[in-house]
Structures are given as C-alpha cells and as structure tokens.
1. Kindly indicate whether residue 122 is within 21 Å of residue 22 (Cβ to Cβ), at pLDDT 95 or above and in contact with a helix residue (DSSP H, G or I) (Cβ under 7 Å, 6 or more places away or on another chain).
2. Which of the residues that make up the range 83-101 are surrounded by fewer than 15 Cβ atoms within 10 Å (Cβ to Cβ) and either in a loop (DSSP other than H, G, I, E, B) or touching a residue at least 40 places away in the same chain (Cβ under 8 Å) (or both)?
3. Just one of 112, 137 is touching a strand residue (DSSP E or B) at 6+ places or on another chain (Cβ under 9 Å) and exposed (fewer than 14 other Cβ atoms within 10 Å of the Cβ); which is it?
4. Those residues that are over 13 Å from the mean Cα position of the chain (by Cα) and surrounded by 15 or more Cβ atoms within 10 Å (Cβ to Cβ), I need them from the range 3-28; list them, please.
5. For residues in the range 102-113 being part of a strand (DSSP E or B) and touching a helix residue (DSSP H, G or I) at 6+ places or on another chain (Cβ under 8 Å), which is nearest to residue 42 (Cα to Cα)?
6. Collect the residues in the range 18-39 that are free of Cβ contacts under 8 Å to residues at least 40 places away in the same chain, out of contact with any helix residue (DSSP H, G or I) (no Cβ under 8 Å at 6 or more places or on another chain) and either assigned to a loop (DSSP other than H, G, I, E, B) or closer than 14 Å to residue 73 by Cα (or both), keeping them in residue-number order.
7. For the range 49-72, which positions are free of Cβ contacts under 8 Å to residues at least 60 places away in the same chain and surrounded by 15 or more Cβ atoms within 10 Å (Cβ to Cβ)?
8. May I ask you to say which residue of 44, 37 is more than 11 Å from the chain's Cα centre (by Cα) and under 22 Å from residue 9 (Cα atoms)?
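The values are calculated or read from the model by the stated rules, or taken from the named source; none is laboratory data. Treat the numbers as computed from the prediction; the structure is a model and nothing was measured. Reconstructed Cβ throughout: ideal geometry from the backbone, glycine too, with neighbour counts over all protein chains shown.
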C-alpha cells in the first residue's frame, strides 16, 4: 500500500526477520532497460527495500518515535540482471544499534547498509550501500 511503484515493478519479500531481509525482483518487460537487462532503478528499489524493511521493523510503533530517511546510496554493477534477482541485507543488528544510539544521544545517527543482489545461479549481479539516517522524535 505504501510502495505502489515497488509493487508494480514486482518486488516481493522472500524473507523478513530481525537480522535479515531478502527482496526478489524478476527481469520482465516492465523492469527491462534498452540493453536486455534489468533497469538499474528497479535494482535500486529492491536493494533499498531489503535494507529499509530491517529499519522499519525496528522503528515501527516505537516510543519515542524514530524517523528514518535515506540520505545516500552507492552501487556497483557486475553482471547483467536477466532473471530473478535476490537482494539480501543481513545487518539488522547494526541497524538496531544505530537506532539505539540515536535515542540515547538525542541526535541523528547514520548507517551505511549493504545489500547484495544475486541471480539464480548465485552470482553477484549488483551491490548497494544505502545510507539511512535515524532521529528520535522527541517533543
């Protein structure tokens, strides 16, 4: 409901646990680029979602509330993405620590989260580093 572009592109949660999140997306007409591979922006959405779900799981209904925002992104592309790609982030514990720091210190804290995209053969297709900022909403 809150990410219609991701739904339209076909992003799907494969796994969502406290420390690990896996998001899949398939190469198809809607996700293609002119070079017969998956458009980089679709891969970026999937990578961001794999990190963002771990963050959202930590801030959801938290008291005091914590705001979260992407403040940076870096990427590397190694192979053409031409099938189903799985983006995995397993840094939930680091995200939790960063959010706790933001609450304890009373100021925004950032973390650079790693997400790796692999094809069906297990080959690395792309890598992303998504930088999140967390800030306590203290009145």
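1. no
2. 83, 93 - these are the residues of the range 83-101 that are surrounded by fewer than 15 Cβ atoms within 10 Å (Cβ to Cβ) and either in a loop (DSSP other than H, G, I, E, B) or touching a residue at least 40 places away in the same chain (Cβ under 8 Å) (or both).
3. So the residue among 112, 137 that is touching a strand residue (DSSP E or B) at 6+ places or on another chain (Cβ under 9 Å) and exposed (fewer than 14 other Cβ atoms within 10 Å of the Cβ) is 137.
4. Those that are over 13 Å from the mean Cα position of the chain (by Cα) and surrounded by 15 or more Cβ atoms within 10 Å (Cβ to Cβ): 9, 10, 26, 27.
5. Applying the filter and picking the extreme gives 113.
6. Residues satisfying the conditions are 28, 34.
7. 49, 53, 54, 56, 57, 58
8. Among 44, 37, only 37 is more than 11 Å from the chain's Cα centre (by Cα) and under 22 Å from residue 9 (Cα atoms).
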